[in-house]
Amino acid sequence: MDQFTINLLFVGGSFALYIGIAIWARAGSTSEFYAAGRGVHPVTNGMATAADWMSAASFISMAGLIAFTGYDNSSFLMGWTGGYVLLALLLAPYLRKFGKFTVSEFIGDRFYSQTARIVAVVCLIVASTTYVIGQMTGVGVAFGRFLEVDNTTGLLIGACVVFAYAVFGGMKGVTYTQVAQYVVLITAYTIPAIFISMQLTGNPIPGLGLFGDHVASGEPLLVKLDQIVAELGFASYTENHLDKTNMVLFTLSLMIGTAGLPHVIMRFFTVPKVSDARWSAGWALVFIALLYITAPAVGAMARLNITEMMWPNGGIKGGAVAVEQIQNDPKYDWMDNWQKTGLLDWEDKNGDGKIQYYNDKNAEMQAMAAEKGWSGNELTKFNRDILVLANPEIANLPGWVIGLVAAGGLAAALSTAAGLLLAISSAVSHDLIKGAIKPTISEKGELMSARVAMAVAIIVATWLGLNPPGFAAQTVALAFGLAAASIFPALMMGIFSTRINNTGAVWGMLAGLTVTLLYIFLHKGWFFIPGTNSFTDADPLLGTIKSTSFGAIGAMVNFAVAYVVAGMSKETPQAIKDLVESVRIPRGAGAAQDH
Amino acid sequence: MSDKQSNNAYWSANMRIISISLVIWALVSFGFGILLRPMLSGIAVGGTDLGFWFAQQGSILVFLGIIFYYAWRMNRLDREHGVDEE
């Protein structure tokens with residue numbers, strides 16, 4: 001059976017499974033559409049949250065980010081998991097007790113302000129839409145490589161599948177397909193990692209193999225890796241090369257942003273009890289950690305494998321890989337396959353029939369190159385995003401593993417896309433239509449409008465995926481920045497302080513939002529238009545703080561402004577203080593189910 | 001003890017548990033993983049140092065411990081103060 005048929009079987013099989021689940025889990029009421037009838041078991045919800053959260057960025061990009069920088073990108077590992085501590089301790093149980101359907105609804109009720117609710121809805125829609133673009137383009141890339149269809153067809157197939165289970169199933173359909181998608185994505189991620197860890201370290205657990213010994217050299221894997229990258233003039237893998245203030249702020253921004261992303265928070269509305277919400281956050285992190293503990297191992301091992309492939313004769317002294325070997329040796333087939341996608345490329349610049357891969361920006365290496373007659377790095381392009389997808393081919397694993405990884409990448413992108421689309425559609429139907437435009441709408445009408453909003457959201461997301469704005473890659477910083485600077489502080493103050501009133505909350509959110517947007521636009525260009533920026537992340541406005549790290553500062557501004565303004569304006573009414581009291585006490589959460 | 005007082009005692013106990021948990025949360029990630037890494041450089045772990053381990057794996061494992069401890073501790077606290085869900 002050829003690789004194309006295998007890929008088709010894996011991807012087609014997984015899609016059939018998702019649609020089967022969608023037919024079984026059809027939503028009949030708004031409670032089922034928005035919160036899966038609040039009957040989801042905490043472990044099940046944990047698994048669905050993990051799939052919801054782990055996007056194309058976690059599955060496809062993260063290991064690549066770590067592979068090419070090592071320790072310096074640990075921020076992603078700590079930031080994208082540490083947010084769950086904030087979620088579990090500061091938000092999830094209380095929002096579940098409140099017992100409504102959307103994040104903006106809590107903000108609107110707690111701060112007794114339609115303005116606060118609308119500000120939250122706008123942040124929610126902007127953050128979720130920017131995030132969904134990345135997922136849709138991820139779907140296109142995965143299809144393009146594995147099923148040899150063009151980007152557009154791939155994206156349209158993906159959109160139809162999401163349509164089938166999200167529009168009919170709502171939260172209920174999405175929850176159970178996400179469980180299936182989690183199983184597919186975690187299997188796809190760990191199986192190649194186990195194979196590779198066995199090959200390199202003899203340890204079947206990649207997370208332990210990372211700190212184990214490299215079988216071929218007998219040295220610790222990380223020592224071997226540090227040696228091999230140093231030999232080629234690259235920065236050391238395990239050492240720190242970054243400014244620590246920026247690293248701390250970046251990590252903190254990712255944590256606060258994670259805790260403030262609405263599509264993650266709303267998953268905790270689906271469990272039956274407050275105590276379940278607490279356990280569920282733990283289970284979510286267990287399922288996320290299975291991938292996040294494996295990712296740094298995947299990154300380090302792939303870096304070692306790729307470097308050794310480029311210098312197959314015992315490092316730099318043995319000479320580089322020959323062009324002829326890349327073309328003829330089946331071990332190097334992956335390079336030909338990925339060259340076709342334009343994400344990988346090489347060029348024999350000095351015409352010696354070999355491909356020298358080294359850091360040509362390093363002065364010592366330039367001296368060595370002059371001596372040996374090299375004309376610069378000849379592995380001219382290596383897109384970091386292909387690392388996880390190409391990994392099984394790089395390690396020469398059987399064809400079915402490659403098919404599995406294709407299905408896994410699609411599962412990661414589709415599950416996150418569905419969660420985001422659900423957050424957008426419930427904000428539109430519940431907060432805008434029922435909350436603001438037509439409060440008298442019947443349940444049936446609201447359910448219908450939720451489905452229509454979902455369908456429109458899918459069409460918009462697909463269109464944006466097909467015509468990604470030039471700034472698509474930068475918008476992730478925007479999504480995290482918005483969530484960190486506006487939504488997280490508002491939710492936290494709503495629960496932990498009775499002092500913050502409507503005026504304080506609105507001014508706080510607007511202040512946090514404004515400074516964060518300003519800082520991002522000043523560095524990335526106004527509305528991401530190239531050339532309109534006044535500063536760059538290499539030389540930022542405030543000390544060493546890059547625009548991607550600013551979310552945490554935006555959050556602090558939000559807190560500070562809210563406290564000052566609340567202190568100067570009318571006290572919170574007693575009814576709202578009682579509401580906060582009741583949110584803090586778990587007893588009575590069952591009653592909220594039937595609201 | 002009135003409901004109000006009991007609820008206040010419950011809330012301050014909760015705040016205490018949250019504060020301790022967040023100190024540990026910050027210590028393992030921002031502390032051991034980033035700022036205090038040079039101080040831990042003497043402790044070797046599989047070809048590198050303890051700070052690297054905390055940054056790439058250790059902090060995640062501690063985060064898990066914190067969340068499960070909090071869930072267990074709070075469910076007990078709910079019952080002690082009679083505010084658990086029947």
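Please name all residue pairs, on different chains or six or more residues apart, with Cβ atoms under 6 Å, provided the first residue is in region A:357-378 and is closer than 16 Å to residue A:321 by Cα and the second residue is hydroxyl-bearing (Ser, Thr, Tyr) and assigned to a loop (DSSP other than H, G, I, E, B).
Between residues of region A:357-378 that are closer than 16 Å to residue A:321 by Cα and residues that are hydroxyl-bearing (Ser, Thr, Tyr) and assigned to a loop (DSSP other than H, G, I, E, B), the close pairs are A:377/A:358.
For residue A:174, state whether it is of a type in the set (Val, Ile, Thr) and not in a helix (DSSP H, G or I).
So residue A:174 does not fit the description; no.
Here is a check on your reading of the model: is residue B:47 on the phi > 0 side of the Ramachandran plot and of a type outside the set (D, E, K, R)?
yes
Across region A:313-349, what is the total count of residues that are surrounded by fewer than 19 Cβ atoms within 10 Å (Cβ to Cβ), more than 25 Å from residue A:3 (Cα to Cα) and at pLDDT 90 or above?
Residues in region A:313-349 being surrounded by fewer than 19 Cβ atoms within 10 Å (Cβ to Cβ), more than 25 Å from residue A:3 (Cα to Cα) and at pLDDT 90 or above: 4 in total.
What do you reckon, is residue B:30 in contact with a Ser or Thr (Cβ under 8 Å, 6 or more places away or on another chain), at the interface with another protein chain (Cβ under 7 Å from one of its Cβ atoms), without any contact (Cβ under 8 Å) to a residue 24 or more places away in the chain and closer than 25 Å to residue A:224 by Cβ?
Answer is no for this residue.
Considering only region A:500-514, I want to know if a residue exists there that is assigned to a helix (DSSP H, G or I), in contact with a Ser or Thr (Cβ under 7 Å, 6 or more places away or on another chain), without any contact (Cβ under 8 Å) to a residue 60 or more places away in the chain and more than 14 Å from every other protein chain (Cβ to nearest Cβ).
There is at least one residue in region A:500-514 that is assigned to a helix (DSSP H, G or I), in contact with a Ser or Thr (Cβ under 7 Å, 6 or more places away or on another chain), without any contact (Cβ under 8 Å) to a residue 60 or more places away in the chain and more than 14 Å from every other protein chain (Cβ to nearest Cβ).
Against the definition (on the phi > 0 side of the Ramachandran plot and part of a helix (DSSP H, G or I)), how does residue A:154 come out, yes or no?
Answer is no for this residue.
Tell me the residue from A:132, A:122 that is within 25 Å of residue A:447 (Cβ to Cβ), modelled with pLDDT of 90 or more and in a helix (DSSP H, G or I), please.
The conditions single out A:122.
From A:237, A:292, which residue is assigned by TED's automatic domain parsing to the domain that holds residue A:166 and part of a loop (DSSP other than H, G, I, E, B)?
Residue meeting the stated conditions: A:237.
Does residue B:66 fit the bill of being at pLDDT 95 or above and either touching a strand residue (DSSP E or B) at 6+ places or on another chain (Cβ under 8 Å) or closer than 30 Å to residue A:72 by Cβ (or both)?
Yes.
Check residue A:289 against each of (1) surrounded by 24 or more Cβ atoms within 10 Å (Cβ to Cβ); (2) within 9 Å of chain B (Cβ to nearest Cβ); (3) out of contact with any Gly (no Cβ under 8 Å at 6 or more places or on another chain) and name the one condition it does not meet.
Against the list (1) surrounded by 24 or more Cβ atoms within 10 Å (Cβ to Cβ); (2) within 9 Å of chain B (Cβ to nearest Cβ); (3) out of contact with any Gly (no Cβ under 8 Å at 6 or more places or on another chain), residue A:289 comes up short only on (1).
Would you be able to say whether some residue in region A:52-67 is assigned to a helix (DSSP H, G or I), within 9 Å of another protein chain (Cβ to nearest Cβ) and at pLDDT 90 or above?
Yes, there is a match, as at least one residue in region A:52-67 is assigned to a helix (DSSP H, G or I), within 9 Å of another protein chain (Cβ to nearest Cβ) and at pLDDT 90 or above.
Considering every residue within region A:404-414, establish whether at least one is in contact (Cβ under 8 Å) with a residue 24 or more places away in the chain, in a helix (DSSP H, G or I) and more than 30 Å from residue A:171 (Cα to Cα).
no
Looking at residue A:303, is it out of contact with any Asp or Glu (no Cβ under 7 Å at 6 or more places or on another chain), at the interface with chain B (Cβ under 9 Å from one of its Cβ atoms) and charged (D, E, K, R)?
no
Name the single residue, out of those in region B:70-86 being at the interface with chain A (Cβ under 9 Å from one of its Cβ atoms), of a type outside the set (Asp, Glu) and within 27 Å of residue A:287 (Cβ to Cβ), that is surrounded by the fewest Cβ atoms within 10 Å (Cβ to Cβ).
Checked region B:70-86; the qualifying residue surrounded by the fewest Cβ atoms within 10 Å (Cβ to Cβ) is B:72.
Does region B:44-69 hold any residues that are hydroxyl-bearing (Ser, Thr, Tyr), at the interface with chain A (Cβ under 8 Å from one of its Cβ atoms) and outside any strand (DSSP E or B), and which are they?
Once the filter is applied, which keeps residues that are hydroxyl-bearing (Ser, Thr, Tyr), at the interface with chain A (Cβ under 8 Å from one of its Cβ atoms) and outside any strand (DSSP E or B), region B:44-69 yields only B:59.
May I ask you to verify whether residue B:19 is facing chain A (nearest Cβ under 7 Å), out of contact with any Lys or Arg (no Cβ under 6 Å at 6 or more places or on another chain) and either modelled with pLDDT of 95 or more or under 25 Å from residue A:83 (Cβ atoms) (or both)?
No: the conditions fail for residue B:19.
Among the residues of region A:256-270, are any facing another protein chain (nearest Cβ under 10 Å), among the small types (Gly, Ala, Ser) and assigned to a helix (DSSP H, G or I)?
No, region A:256-270 contains no residue that is facing another protein chain (nearest Cβ under 10 Å), among the small types (Gly, Ala, Ser) and assigned to a helix (DSSP H, G or I).
Please indicate, with yes or no, whether at least one residue in region A:521-539 is in a helix (DSSP H, G or I), buried (at least 19 other Cβ atoms within 10 Å of the Cβ) and free of Cβ contacts under 8 Å to residues at least 40 places away in the same chain.
yes
Of all residues in region B:34-43 being closer than 22 Å to residue A:207 by Cα and at the interface with another protein chain (Cβ under 9 Å from one of its Cβ atoms), which is surrounded by the fewest Cβ atoms within 10 Å (Cβ to Cβ)?
The extreme case among them is B:37.
Would you be able to say whether some residue in region A:363-379 is of a type outside the set (Val, Ile, Thr) and either touching a helix residue (DSSP H, G or I) at 6+ places or on another chain (Cβ under 6 Å) or closer than 27 Å to residue A:151 by Cα (or both)?
There is at least one residue in region A:363-379 that is of a type outside the set (Val, Ile, Thr) and either touching a helix residue (DSSP H, G or I) at 6+ places or on another chain (Cβ under 6 Å) or closer than 27 Å to residue A:151 by Cα (or both).
Filter region A:85-118 down to residues that are closer than 24 Å to residue A:513 by Cα and not in a helix (DSSP H, G or I) and give me whichever is farthest from the other protein chains (Cβ to nearest Cβ).
A:113
Is it true that some residue in region A:502-515 is crowded, with 18+ Cβ neighbours inside 10 Å, of a type in the set (Ser, Thr, Tyr) and closer than 25 Å to residue A:104 by Cβ?
Checking region A:502-515: at least one residue is crowded, with 18+ Cβ neighbours inside 10 Å, of a type in the set (Ser, Thr, Tyr) and closer than 25 Å to residue A:104 by Cβ.
With the structure loaded, tell me whether residue A:397 is outside any helix (DSSP H, G or I), in contact with a strand residue (DSSP E or B) (Cβ under 8 Å, 6 or more places away or on another chain) and of a type outside the set (Ser, Thr, Tyr) or whether it fails that test.
Answer is no for this residue.
The values are calculated or read from the model by the stated rules, or taken from the named source; none is laboratory data. If you're wondering where the values come from, they're calculated on a predicted model, not measured in any experiment. For neighbour counting, all protein chains shown are included, and Cβ atoms are generated from backbone atoms with ideal geometry for every residue, glycine included.
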